[in-house]
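S.K.: Take this structure, written in structure tokens, and hold onto it; I'll ask about it next.
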There are 4 protein chains.
Amino acid sequence: MNFASDNVTPVCPEIQAAIDAQCQGNAPAYGGDDVSASLDRAFSDLFDHEVAVVPVSTGTAANCISLTTLVSPYGGIVCHHEAHINEDESTAVAHFTGGAKLLPIDGPAAKLEAAALSTYLESRADRGVHSVTPECVAVTQSTELGAVYSPDEIGAIGAICKQFNKRLFMDGARFANAVAALNCPPADITWKAGVDALSFGGTKNGAMAVEAIILFDPARRAEAEQARKRSGHLLSKHRYLAGQLAAYIDNDLWLKNARNANSAAQALATLLTDQGGQMLLAPQANELFVALPDTIAQKLRDAGMLFYSWPSLGTNAYRFVTAWNSDINAINALKTRLHGL
Amino acid sequence: MNFASDNVTPVCPEIQAAIDAQCQGNAPAYGGDDVSASLDRAFSDLFDHEVAVVPVSTGTAANCISLTTLVSPYGGIVCHHEAHINEDESTAVAHFTGGAKLLPIDGPAAKLEAAALSTYLESRADRGVHSVTPECVAVTQSTELGAVYSPDEIGAIGAICKQFNKRLFMDGARFANAVAALNCPPADITWKAGVDALSFGGTKNGAMAVEAIILFDPARRAEAEQARKRSGHLLSKHRYLAGQLAAYIDNDLWLKNARNANSAAQALATLLTDQGGQMLLAPQANELFVALPDTIAQKLRDAGMLFYSWPSLGTNAYRFVTAWNSDINAINALKTRLHGL
Amino acid sequence: MNFASDNVTPVCPEIQAAIDAQCQGNAPAYGGDDVSASLDRAFSDLFDHEVAVVPVSTGTAANCISLTTLVSPYGGIVCHHEAHINEDESTAVAHFTGGAKLLPIDGPAAKLEAAALSTYLESRADRGVHSVTPECVAVTQSTELGAVYSPDEIGAIGAICKQFNKRLFMDGARFANAVAALNCPPADITWKAGVDALSFGGTKNGAMAVEAIILFDPARRAEAEQARKRSGHLLSKHRYLAGQLAAYIDNDLWLKNARNANSAAQALATLLTDQGGQMLLAPQANELFVALPDTIAQKLRDAGMLFYSWPSLGTNAYRFVTAWNSDINAINALKTRLHGL
Amino acid sequence: MNFASDNVTPVCPEIQAAIDAQCQGNAPAYGGDDVSASLDRAFSDLFDHEVAVVPVSTGTAANCISLTTLVSPYGGIVCHHEAHINEDESTAVAHFTGGAKLLPIDGPAAKLEAAALSTYLESRADRGVHSVTPECVAVTQSTELGAVYSPDEIGAIGAICKQFNKRLFMDGARFANAVAALNCPPADITWKAGVDALSFGGTKNGAMAVEAIILFDPARRAEAEQARKRSGHLLSKHRYLAGQLAAYIDNDLWLKNARNANSAAQALATLLTDQGGQMLLAPQANELFVALPDTIAQKLRDAGMLFYSWPSLGTNAYRFVTAWNSDINAINALKTRLHGL
């Protein structure tokens, strides 16, 4: 069982079928096809708000193009130290935005906290053109450490952003897992909470390679589309991106997939605890961070589990990621099998 | 029949099968899978030269990442005015390279000519840091106007590049069509002719979204991979890119597809000539540029043909593009049907 | 006599005195001093329009920071092939603007012509995000080939810009020479003609190192100041920049200096013609372009003249530049001396 | 008495004289003059090492152009949180380098410590293209909090850089104050300690606007000069930059000026301590950080002193900066006058 990452998973059957369905005939390129044209409506319905949808192939592209519409080349982006944009996207943010600077701060489980954010923004003396002024705040939902912001938590951050006149961006590479965990309308943790733009992730949760930039102010579309083209992220056979996305939200597939991942994480947490593991963070979505004695870690590897050590949380810390295709029955069966050993 | 672009085509069956084959189980992300690992060997065999292969999703990414490894932020790239990098990629070249400047010149059928290139490079006074020094020459094979460079023509350009100490880049968005037309080993029009890096196109010729950056000096791989990640072009489920590419060159599928497109272009040229059209450029690959009286253009549209007017070649000029899925029998049948009308 | 360039001249006495006057005591840094604070008022009076003044040390900085406020990273700047921004500023325009592309066209004596500009803008098909949309037009006054736009000519270009919704930028490295030649209010060839921003040159005309960015819409000041700081062009001892500028426009020193340069050019043109030289362009400001037989060129060099050959205008073409310190009496005396030889 | 900053000072008489000396006649532009040509030799002698000297007008330009020669667009620069490049240069580092990222760490008095640096570099897991790899370490001498690295301290940092294969850059905006404090050869705290490039500051210490980029590997000159031109920092009347620099190091003027500033700081420290102030950091160069009761701060202001509060060191913290023109006798006299009050 592979818990190394949700990126190791294949495309799920429904999205595979959608890709196959696009293999039957010709269609206009660069988004001129019907399925591409349908996305704005579909996502506006999903979010209960008029949105502009700009699909791209990767999370880095989605994050950085979104940020390009929210910050100037002279501005700063407040984020968590653990944020993917800060730790895992090379120098992409500066590259796309023309120089905007990440301003990392701390918080539990890779979450920003409204009070700490407020303190940071307040204490950051504005020294005019010399210093970098924060123009945007970036949160990840669910976070890089598997935590989920509640609607109130996002709302509190949004209120601080409004008070200080900052934009709010959400990296939603695992947005589906957060919504599945919260069981709330997507609107409640996005535009209603003050989010200006969202990377709505598909790849980790069953798609091949698609993330949707969701702009809650559709007037930002033109710049996002220019930034997309300029960075080589406009696909000629755009319908294959659009087809993945359309299938992904059709019949709530995205939530079905995320629910499996989240449930598998709970089952896996039970197994790990049963083996003597100690959860380092409360399991809320599809990532588990657990302390394991060496012998147990080895035992799990011997049982065929794949997972990474996570040294930033300690020498005995490990990360397990479940996904849309995690087999909960198999996890439970393995738990039973390992229990007596 | 849709001759608007080869970008309107769907994925071909063999590549669809390769994508579907990746939908069966988990595999390492970010290129750690077996099919990704196989590409260097496969392409090195194809080109009879050790190469580094860096797959990306779009032609703009392939072109611009390649160029990033070949020019400095202070340098120039000599290309044809009609070059895709000059006319159809927004400001991507400057964005990726950090400022390198396109230096467009002219030539027949969007081809650079060795003599004109030599004259240009010789006449371009080097005024030190004030002026932009050409560091690279870029050709497109086949060109944006459907022409094909012979091995001798590329070789002559390569010799000029060597003489003036410039790098040589080839945009091969339709490289397959050129090789199919020339019926020569790919080596003859690339590294043997002095090409340093090639965008090996897949998307227009049957793939979904994949272009391979082929670096004939594998030492450039590290920078290309950094530039790829930094620009958001490293796919997490990299095997889907790699799978397309592997299938694309397996059993010479790329050439089979291109041969169909080229043959269809010849059949279509016969039809168009038969209708009174005048070829504006000799049809060599899969693009036709033809002058048509208004009545004939309308007649063809009435017969269900889709194609674009091409005003840069004249008021009655049109472009027709054939592809891997063009139905030659149907073209011939239509020719017969239209002949008497 | 050195006619190689107006950049070879020293600082003129009045500006030297202004620099010396700043050497007496402490004053606030970064523009907080009195003389810096006086510039907006002084230049607003000079131009009979509220302007924002942002001083920098070089023409490249003035041009590129101005352009940064006028174009996006995705846009184009229509200019003449001979424009300094196109030919003599390395890749600075792309560097400052984040990628904006120069779109050079032709015209006599390095001047853009309204009709040709209109044709160019009209013919340039907008292909959406694929192509680079011109957002700005850049003219140089006086031009790199010594020509001067009349108020009507600039006005006609400004009207085209307005019609096509483009910004208009003026590189005024030799703006003083143009105004001296035209003997018109500066307003007539700037904001009244539709110019949005101007590089008001000082260095070539008697200053040490100062050019003023003149923004006819003061709302652009904030971005210009951010771009200035970000590019390292905000001087800590800003009063030395400001002091040069204040002295430069005080008592019309800028025009006095330019008038001497222009008159010297006329005197020199007489000398050159007398020697058998043929003016290649009508002398309008302080640059002469002249065809000289080899023997005459040598004779002039033997007489102590320094000047450059100018191969882009022909094998026997030369450029002579006069300046604020050119000695008209000496030129006339030399003319007499050389006449009989 | 103005202790707000050393940037408030005028040009010192010797440099004023050097500027005036350049006002007598014509000379080649862009560094073709004799004084510009003399700098490499003069600085190579000063540093007892062959160096390339590239003069610019500002510290931000000197720092960022230096860094451009030391890091790639994908790399990181380890520096102190308080570093000027991190806190006071807007987004200039990313702008010049094409995206390189500042990686700030802590240390006493704005100094990096070798042990902490080693720990940081060791702990920073290399995750390939995903993460930003530190390529360079940047120190400031003397630091932004007035501390001076000893030769051993710089040497220890240089050894760590060598061990981890990182470049070492020194921001020497107040390099003269450090050398004056250490009374050591400049070589001992630069190339002998492993420094690759240095911003040798002039402006704060008596010049008008000049900083010398000192490249201890002269092979980096070409890139530095390209980066200088591309960023608009090549002055046409370059001799005015060069003249300032030549005068600045002639007869050890730079050290004479720095010694006055440092001695004035000691005298001022005595005054402040006498008044009940508590030094927050040991005064080593020309900056003092002191805690003052409100009444004393007001008393000093009433006595005509100008200085800034420094909230990052506490609510009662203040910074006093002395300079080349600080009047030590006046400070001592004021001390006596204030003593009894």
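S.K.: Take every DSSP beta bridge with both residues inside the protein assembly as shown and express the antiparallel ones as a percent of the total, to the nearest 5. Kindly include the intermediate steps, with their values, before the conclusion.
M.R.: Details: 76 of 152 bridges.
Close to 50 percent.
S.K.: A follow-up question, please. For Cα pairs less than 8 Å apart in space and 6+ apart in sequence, what is the mean separation divided by the residue count of region B:13-253, i.e. the relative contact order in percent?
M.R.: Averaging sequence separation for qualifying contacts and normalising by length gives 30 percent for region B:13-253.
S.K.: How much area per residue is accessible in the protein assembly as shown when the probe is 1.4 Å and only protein heavy atoms are counted (Å²)?
M.R.: 33 Å²
S.K.: Roughly how much accessible area, to the nearest 100 Å², goes out of reach of solvent when C and D pair up, both sides summed, probe 1.4 Å?
M.R.: Numbers: alone 14350 and 14350 Å², together 25030 Å².
Roughly 3700 Å² of accessible surface disappears when C and D pair.
S.K.: Please report, for A:Leu341, the nm distances (one decimal) from its label point, 7 Å out from Cα along the beta-carbon direction, to the equivalent points in the remaining copies, shortest first.
M.R.: In nanometres, ordered from closest: 7.3, 8.2, 10.2.
S.K.: Next up: List every residue whose amide H lies under 5 Å from the amide H of D:Val210, counting only residues 5 or more places away in sequence or on a different chain, with H placed 1.01 Å from N in the peptide plane.
M.R.: When sequence neighbours closer than 5 places are left aside, the close amide H contacts are D:Gly202, D:Thr203.
S.K.: Treating the beta-carbon of each Lys and Arg as +1 and of each Asp and Glu as -1, no other charges, what is the dipole magnitude of region A:254-338 about its Cα centre, to the nearest 20 debye? Could the numbers behind the result be given before it?
M.R.: Details: 7 positive and 5 negative charges, 34 e Å.
The dipole of region A:254-338 has a size of about 160 debye.
S.K.: With +1 assigned to the C-beta of every Lys and Arg and -1 to the C-beta of every Asp and Glu, and no other charges, what is the dipole magnitude of region B:164-300 about the Cα centre in debye, to the nearest 20? List each step's numbers first, then the result.
M.R.: On the way: 15 positive and 12 negative charges, 101 e Å.
Dipole size: approximately 480 debye.
S.K.: Moving on to the next point. What is region D:106-199 by shape, rounded, prolate or oblate, if you read a ≥ b ≥ c off the alpha carbon gyration tensor as root eigenvalues and call it rounded for a/c under 1.5, prolate for a/b larger than b/c, and oblate otherwise? Mind showing how you got there, number by number?
M.R.: Numbers: a/c = 2.17, a/b = 1.89, b/c = 1.15.
Judged from the Cα gyration tensor, region D:106-199 comes out prolate (a/c at least 1.5, a/b above b/c).
S.K.: Within region D:117-167, which trypsin sites (Lys or Arg not before Pro) sit in a loop by DSSP and count at most 13 neighbouring Cβ atoms inside 10 Å? Spell out each step's value before the answer.
M.R.: Numbers: sites: D:Arg124, D:Arg127, D:Lys162, D:Lys166, D:Arg167; in loops: D:Arg124, D:Arg127, D:Lys166.
Taking region D:117-167 and a limit of 13 other Cβ atoms within 10 Å, the loop trypsin sites (Lys or Arg not before Pro) found are D:Arg127.
S.K.: With N denoting the number of residues in region C:1-50, provide Rg(C-alpha) divided by 2.2 N^0.38 Å, to two decimal places. Mind dumping the intermediate values first?
M.R.: Numbers: Rg = 15.3 Å, N = 50, 2.2 N^0.38 = 9.7 Å.
Compared with the compact-globule rule of thumb, region C:1-50 sits at 1.57.
S.K.: Follow-up question, since we're still on this one. Around D:Val148, with a cut-off of 10 angstrom between Cβ atoms, what is the net charge of the other residues, counting Lys and Arg +1 and Asp and Glu -1? Spell out each step's value before the answer.
M.R.: On the way: positive: D:Lys111, D:Arg174; negative: D:Glu153.
Overall, the nearby charge balance is +1.
S.K.: Using the 7 Å Cα-to-Cβ label point, sort the distances from C:Ala17 to its equivalents in the other copies shortest first and give them in nm to one decimal.
M.R.: Values, ascending and in nm: 2.3, 8.9, 9.0.
S.K.: Let me ask another. Within chain A, which whole H helices from DSSP have a Cα span along their axis of at least 24 Å and a mean Kyte-Doolittle hydropathy of 0.0 or more, if any? Let's see the in-between values first.
M.R.: Working: long enough: A:253-274 (31 Å, 0.04).
Membrane-span-like by this rule: A:253-274.
S.K.: Just from its helices, what would the mean residue ellipticity at 222 nm be for chain A, if runs of 4 or more DSSP H residues each count -39500 (n - 2.57) and the sum is divided by every residue, rounded to the nearest 500 deg cm²/dmol? Write out the running numbers ahead of the final one.
M.R.: Values: 13 runs with 140 residues, N = 341.
Roughly -12500 deg cm²/dmol at 222 nm, from the helical runs in chain A.
S.K.: Looking at the calculated P(r) for region B:254-338, what percent of the C-alpha pair distances fall above 23 Å?
M.R.: On the way: 524 of 3570 pairs.
Percent of Cα pairs beyond 23 Å in region B:254-338: 15.
S.K.: Also: In debye, nearest 20: dipole of the protein assembly as shown around its Cα centre with unit charges on the Cβ of K, R (+) and D, E (-)?
M.R.: Values: 100 positive and 140 negative charges, 0 e Å.
It works out to roughly 0 debye.
S.K.: Answer rounded, prolate or oblate for region B:13-253, using the Cα gyration tensor with square roots of eigenvalues a ≥ b ≥ c: rounded when a/c is under 1.5, else prolate when a/b is larger than b/c, else oblate.
M.R.: Numbers: a/c = 2.07, a/b = 1.56, b/c = 1.33.
Judged from the Cα gyration tensor, region B:13-253 comes out prolate (a/c at least 1.5, a/b above b/c).
S.K.: Report relative contact order for region B:106-157 in percent, whole number only (criteria: Cα-Cα under 8 Å, sequence separation at least 6).
M.R.: Values: 32 pairs, mean separation 27.4, N = 52.
That works out to 53 percent.
S.K.: Residue farthest toward the positive end of the dipole of region D:13-253, with Cβ of Lys/Arg at +1 and Asp/Glu at -1: which of D:Ser66, D:Ala178, D:Ser38?
M.R.: Going by the Cα projections, it comes out as D:Ser66.
S.K.: Roughly how many whole Å is it from the C-alpha centroid of region A:244-313 to that of region A:16-87?
M.R.: Rounded to whole Å, the Cα centres lie 27 Å apart.
S.K.: If I compute solvent accessible area with a 1.4 Å probe over the protein chains, what percent of it on the protein assembly as shown is carbon and sulfur?
M.R.: Values: 22690 of 45210 Å².
Carbon and sulfur atoms account for 50 percent of the accessible area of the protein assembly as shown.
S.K.: Just to be sure I understand the interface: list residues from region B:239-288 that lose 40 Å² or more of accessible area between the chain on its own and the complete protein assembly, 1.4 Å probe.
M.R.: Residues meeting the cut-off: B:Tyr240.
S.K.: With the label 7 angstrom out along Cα to Cβ, how close does C:Glu50 come to the same site in each of the other copies, in nm, nearest first?
M.R.: Distances to the matching label points in the other copies: 3.3, 5.9, 6.8 nm.
S.K.: Work from the charge dipole of region B:13-253 (Cβ charges, +1 for Lys and Arg, -1 for Asp and Glu, about the Cα centre) and give the residue of B:Thr190, B:Ile105, B:Gln24 farthest towards its positive end.
M.R.: B:Ile105
S.K.: So how do C:Ser57, B:Ser72 rank on accessible area, 1.4 Å probe, biggest first, that is with the largest at the start?
M.R.: Working: C:Ser57 10, B:Ser72 30 Å².
In descending accessible area the options line up as B:Ser72, C:Ser57.
S.K.: Looking at chain C, what % of its DSSP beta bridges pair antiparallel, to the nearest 5?
M.R.: Values: 19 of 38 bridges.
Once the DSSP bridges in chain C are tallied, antiparallel ones form about 50 percent.
S.K.: Net charge near C:Val210, counting Lys/Arg +1 and Asp/Glu -1 over other residues with Cβ under 14 Å of its Cβ?
M.R.: Details: positive: C:Lys204, C:Arg228, C:Lys237, C:Arg239, D:Lys237; negative: C:Glu14, C:Glu211, C:Asp250.
Residues close to C:Val210 contribute a combined charge of +2.
S.K.: All other residues with a Cβ under 11 Å from the Cβ of B:Gly172 taken together, and with Lys, Arg as +1 and Asp, Glu as -1, what is their net charge?
M.R.: Details: positive: B:Arg174, B:Lys204; negative: B:Asp171, B:Glu211.
Net local charge, B:Gly172 excluded: 0.
S.K.: Would you please give the residues with an amide H less than 5 Å from that of B:Gly31, counting only those at least 5 places away or on a separate chain, with H modeled from the backbone geometry?
M.R.: Hits under the 5 Å cutoff: B:His238, B:Arg239.
S.K.: Could you list, bin by bin from short to long, the percent of Cα-Cα pairs of the protein assembly as shown in 20 Å steps?
M.R.: With 20 Å bins starting at 0, P(r) equals 10, 35, 36, 17, 2, 0.
S.K.: Hey, can you grab everything whose amide H is under 5 Å from the amide H of B:Lys101? Only 5+ residues off in sequence or another chain; H modelled, so Pro and N-termini drop out.
M.R.: So B:Lys101 has HN proximity to B:Gly75, B:Gly76, B:Ile77.
S.K.: Now for a separate question. Select the chain C residue whose beta carbon lies nearest to the rotation axis carrying chain C onto chain A, and write the distance in whole Å.
M.R.: Minimum Cβ distance to the axis, with residue: C:Gly98, 2.
S.K.: Compute the relative contact order of region C:89-179 as a whole-number percentage, counting only Cα pairs closer than 8 Å that sit 6 or more residues apart in sequence. Walk me through the numbers before you get to the answer.
M.R.: Details: 90 pairs, mean separation 27.7, N = 91.
So the answer I get is 30 percent.
The values are calculated or read from the model by the stated rules, or taken from the named source; none is laboratory data. Just so you know, these numbers come straight off a predicted model, no measurement behind them. Because the Cβ atoms are built from the backbone with ideal geometry, glycine has one as well, and the counts that use them run over all protein chains shown. Only protein heavy atoms, including side chains, enter the accessible area calculation; ligands, DNA and RNA are left aside. Shrake-Rupley method; radii C 1.70, N 1.55, O 1.52, S 1.80 Å.
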